[in-house]
Amino acid sequence: MPTTQAFGTTSATAPVASLTIERRDPRPHDVQIEILYCGICHSDLHTARGEWPGTVYPCVPGHEIVGRITAVGDHVKKFKVGDIAGVGCLVDSCRECDNCKEGLEQFCSQGGTFTYNSADKISGGHTFGGYSKSIVVPEDFALHISDKLPLDAVAPLLCAGITTYSPLRHWKVGKGTRVGVLGLGGLGHMGVKLAVAMGAEVTMLSHSPSKEQDAKRLGAHRFVLTSDAEQVKTVSGYFDFILDTVSAEHDYNFYLGLLRVNGVMVCVGVPPQPITVPALNLIFGRKSVAGSLIGGLPETQEMLDFCAEHNIVSDIELIKPDQINEAYERMLKGDVRYRFVIDFKSE
Ligand code: NAP
Ligand code: ZN
Ligand code: ZN
C-alpha cells in the first residue's frame with residue numbers, strides 16, 4: 001500500500017509530530033487527493049489529547065480538507081484528475097439507511113465513517129485525517145469547490161462552515177430572527193457570517209473584550225461581553241436562537257436566561273464535561289436545548305455553493321505543519337483569528 005507523510009500524535013500527551021501512514025490505492029469509485037490545505041478544528045485538539053472518550057493512536061486529525069485530485073478510479077464520474085475537491089468530517093456511510101437516503105449521512109444508523117479516529121471498514125484499522133499530504137475517499141464524499149474563492153480560506157467551511165450552517169437552516173433562521181452566537185472562534189465567526197447572510201439580527205456573545213471590533217467587522221450587529229452584567233442585562237429574554245460554540249465548560253443556564261419564550265439554544269460546542277440544566281429553566285418560557293452535528297453531504301455542497309454566491313470564506317492564519325502544536329496552545333487561549341489552516345502546498 002502506498003505511504004504518505006502525515007502529522008499526528010502517538011498518545012494523549014505526545015505533541016503532534018511527523019508520521020508515515022498508509023493510504024489505499026483508489027478503488028473504482030474512489031478519488032485520490034493531494035492535500036493543499038487543512039483547517040485546524042478544536043475537535044482535532046479534543047481528540048488528539050484524548051479529551052473525549054475513544055481516541056485511537058496514532059491519531060492523525062484534520063477534517064477541513066481542500067486539495068487537488070491526482071487519481072480517479074475507473075467508475076468515477078464526479079471528478080477528473082486536476083479538479084479541486086473538498087473533504088469534510090465524513091468519508092463513508094452505508095448509503096442505505098433512512099438517514100443516509102435523506103442526506104443525513106452524519107447520522108447513518110450503521111455508523112458513518114468519520115474522516116479521522118473512526119473504524120475504517122475498508123482497511124480494518126482506523127481512519128487518518130487531513131494533517132497529511134494525501135487522502136483517498138469515495139467520490140460521493142468529496143465536494144466541489146468554487147474557483148471563485150481562495151482555497152486556503154475555503155478549507156474551514158468543510159467543518160466550521162457546515163456545522164454552523166446546518167442548524168441555522170434547520171431552525172429556519174432568517175430575516176427578523178434574533179440570533180446570539182456564543183463564542184467567537186472558528187465556528188463562531190462562521191456562525192456570525194452565515195447568520196448575517198441569511199438576514200438575521202446577530203449579536204456576538206463573547207468572553208473576550210478584545211474581539212468586539214472583529215465581531216462588528218465580521219458583520220455582527222452588536223457585541224455583548226458575557227462577563228459584564230450590565231451588558232448582559234440588555235439581552236435578557238431577548239434571543240430566538242442561540243448558537244453555542246464554546247469548547248470549554250460554561251454555565252448553560254446563564255445563556256438559557258437570554259432566550260425569549262419558545263427560544264432554542266443549539267449546542268454545537270462539545271466541552272468534555274456534561275451539561276446540567278434544571279427542568280424549570282426550560283419549562284418557564286417553553287425553551288429548548290438542542291444539539292447539531294456537522295451536516296450531511298448534500299447540505300455541505302449547498303453550504304459551499306451558498307458561500308460562493310455570498311462571497312463568504314473563513315478568516316484564517318496560514319501555518320506550516322511544524323506549527324500545529326503552537327496553534328493548539330493558542331487555540332486553547334482563545335487566541336485564534338479565526339481559524340488556523342495548515343499549508344501543505346508550501347512543503
Ligand atoms: P475555537 O476556535 O477554539 O473557539 C471556541 C471559542 O469558545 C473561543 O474562541 C472562545 O470564544 C470560547 N471559549 C473558549 N473557552 C471559553 C471559556 N472558558 N468560557 C467561555 N468561552 C470560551 O473552537 P472551534 O473550532 O470553533 O470549536 C468549538 C467547539 O465546537 C469545540 O468543542 C469543537 O469540538 C466543537 N465542534 C462541534 C462540531 C459539531 O458537529 N457539533 C463540529 C466542529 C466543532 P470567546 O473568546 O469569544 O469567548
Ligand atoms: Zn471540526
Ligand atoms: Zn446509513
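The values are calculated or read from the model by the stated rules, or taken from the named source; none is laboratory data. If you're wondering where the values come from, they're calculated on a predicted model, not measured in any experiment. Cβ sites come from the backbone with ideal geometry, for glycine too, and all protein chains shown count toward neighbours. What goes into the accessible areas is simple: the full protein's heavy atoms, side chains included, and nothing from ligands, DNA or RNA. Shrake-Rupley method; radii C 1.70, N 1.55, O 1.52, S 1.80 Å.
Just one of (1) within 14 Å of S314 (Cα to Cα); (2) open to solvent by 10 Å² or more (accessible area, probe 1.4 Å); (3) of a type in the set (S, T, Y) trips up S146, so point out which.
Of (1) within 14 Å of S314 (Cα to Cα); (2) open to solvent by 10 Å² or more (accessible area, probe 1.4 Å); (3) of a type in the set (S, T, Y), only one is false for S146: (1).
With the requirement that a residue be closer than 24 Å to V196 by Cβ and in contact with a Phe, Trp or Tyr (Cβ under 6 Å, 6 or more places away or on another chain), what does region 298-339 give you?
M303, D315, E317 - these are the residues of region 298-339 that are closer than 24 Å to V196 by Cβ and in contact with a Phe, Trp or Tyr (Cβ under 6 Å, 6 or more places away or on another chain).
What's the total number of residues in region 293-347 that are open to solvent by 20 Å² or more (accessible area, probe 1.4 Å), part of a strand (DSSP E or B) and β-branched (V, I, T)?
Qualifying residue count, region 293-347: 1.
Tell me, yes or no, whether region 68-85 has at least one residue that is in contact (Cβ under 8 Å) with a residue 24 or more places away in the chain, within 16 Å of ligand 1 (Cβ to nearest atom) and either of a type in the set (D, E, K, R) or buried (at least 17 other Cβ atoms within 10 Å of the Cβ) (or both).
Scanning region 68-85 turns up no residue that is in contact (Cβ under 8 Å) with a residue 24 or more places away in the chain, within 16 Å of ligand 1 (Cβ to nearest atom) and either of a type in the set (D, E, K, R) or buried (at least 17 other Cβ atoms within 10 Å of the Cβ) (or both).
Can you tell which of H46, H144, H63 is farther than 21 Å from L297 by Cβ and modelled with pLDDT of 95 or more?
H46
Name the single residue that is nearest to ligand 1 (Cβ to nearest atom) among those in region 110-127 being under 21 Å from the mean Cα position of the chain (by Cα) and farther than 20 Å from E64 by Cβ.
Ranking the qualifying residues of region 110-127, first place goes to G111.
Tell me which residues, restricted to region 239-257, are closer than 20 Å to L194 by Cβ and either part of a loop (DSSP other than H, G, I, E, B) or within 15 Å of ligand 1 (Cβ to nearest atom) (or both).
I242, L243, D244, T245, V246, S247, Y255
In region 17-36, which residues are open to solvent by less than 40 Å² (accessible area, probe 1.4 Å) and either outside the structural domain of I65 (by TED's automatic domain parsing) or farther than 18 Å from H126 by Cα (or both)?
V31, I33, I35, L36, listed by residue number.
Can you tell me how many residues in region 258-280 are open to solvent by 30 Å² or more (accessible area, probe 1.4 Å) and either more than 14 Å from ligand 1 (Cβ to nearest atom) or basic (K, R) (or both)? Working first, answer last.
From region 258-280, those open to solvent by 30 Å² or more (accessible area, probe 1.4 Å) are 260-262, 270, 272-280; that's our starting set.
Among the residues that remain, those that are also either more than 14 Å from ligand 1 (Cβ to nearest atom) or basic (K, R) (or both) are: 260-262, 276-280.
Looking only at that region, the number is 8.
Residues in region 262-282: is at least one within 16 Å of the chain's Cα centre (by Cα) and small (G, A, S)?
Yes: one or more hits.
Test D240 against the criterion of being of a type in the set (D, E, K, R) and within 16 Å of ligand 2 (Cβ to nearest atom), and give yes or no.
no
Would you list the strands (runs of 3 or more DSSP E) that sit entirely within region 71-164 and hold 1 or more residues that are more than 14 Å from ligand 3 (Cβ to nearest atom) and in contact with a helix residue (DSSP H, G or I) (Cβ under 7 Å, 6 or more places away or on another chain)?
84-87
Quickly run through region 79-135 and pick out the residues that are of a type in the set (A, V, I, L, M) and at pLDDT 95 or above.
V81, I84, A85, V87, L90, V91, L104, A119, I135
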